[in-house]
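For reference, the structure discussed in these notes is given below.
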Amino acid sequence: MIFPISRQGLQDIAQFLIAGAVVFLVLALVTRYRRGEWRRFAISAGALGLLVIVSYALAFTVAPNIPTPAVPFTARFAQNPTPDTQETIDAGRVVFQANCAICHGPRGLGDGPQAFLLQPRPVNLQLHVPQHAPGELFYWITNGVAGTGMPAWKDTLSDAQRWQVVRYLQALASGKVDR
């Protein structure tokens, strides 16, 4: 069984927990200064601190290290405008097989014939895709990934084709299409 959250995802969760712990710690200090009941805020801060430790422990022991290149904050919230239909998925499969399978392999496992010549090797999309928002995937397909062999497809594929590829990859990763 594959651990469902990547190292980067757990580190992001830990950062939010740290922010929460700081808020509760500040509330505890302010409440104590005002001579109020501060213990429950301190306990909450401590519980969140414990969750931070657990999150980091899982991040560096059992979570897979899937490096995630930075994307603009707004790209994460972009929604796929193509319909979630079999026709869209099939169109995405055609585009993927024609353009992406040479590196990512026909099933998106990162084992295409060109993959062995690339450093770093292409990622296993069946593992990588479920951990990212559709807008992030679209951004990487559009602009490429710096420091890897992933090219920008914005000049080659239309917006609709790139979104169709995202639909296909999501269907592939979720098992809706033949692997």
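The values are calculated or read from the model by the stated rules, or taken from the named source; none is laboratory data. Source: prediction; values computed, not measured. With ideal geometry, Cβ positions are generated from the backbone for all residues, glycine too; neighbour counts draw on all protein chains shown. Please note that ligands, DNA and RNA were not included when accessible areas were found on the heavy atoms of the full protein model with its side chains. Shrake-Rupley method; radii C 1.70, N 1.55, O 1.52, S 1.80 Å.
Below, the figures for the structure above:
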read-out: Alpha carbon centroid spacing (whole Å) that separates region 36-51 from region 116-164; value: 42
read-out: Modelled FRET efficiency - R0 22 Å, Ile102 with Ala146, Cβ distances, 0.05 increments; value: 0.65
read-out: Region 1-59 - Kirkwood radius from inverse mean 1/r over Cα pairs (Å); value: 12.2
read-out: Loop GluC sites (Glu not before Pro), region 33-137, which have at most 15 other Cβ atoms in a 10 Å radius of their Cβ (DSSP); value: Glu37
read-out: Positive-end extreme of charge dipole, region 1-145 - chosen from Ala57, Ala21, Pro120 (charges on Cβ); value: Ala21
read-out: Rg/Rg_ref, the chain, where Rg_ref = 2.2 N^0.38 Å and atoms are Cα; value: 1.32
read-out: Whole-percent carbon and sulfur share, accessible surface of region 1-100, 1.4 Å; value: 67
read-out: Cα-based Kirkwood hydrodynamic radius, region 93-179, one decimal, Å; value: 12.7
read-out: Sum of -39500 (n - 2.57) over DSSP H runs of 4+, divided by residues of the chain (222 nm, nearest 500); value: -17500 deg cm²/dmol
read-out: Two-decimal Rg to Rh for region 17-110 - Kirkwood Rh, Cα set; value: 1.28
read-out: Å² of accessible area per residue within the chain, as computed with a 1.4 Å probe and no ligands counted; value: 60
read-out: Per-residue ³J(HN,Hα) for region 22-28, Karplus 6.51 cos²θ - 1.76 cosθ + 1.60, θ = phi - 60°, Hz, x for Gly and Pro; value: 5, 4, 5, 5, 5, 4, 5
read-out: Length-normalised contact order for region 19-108 - Cα pairs under 8 Å, 6+ apart - percent; value: 18
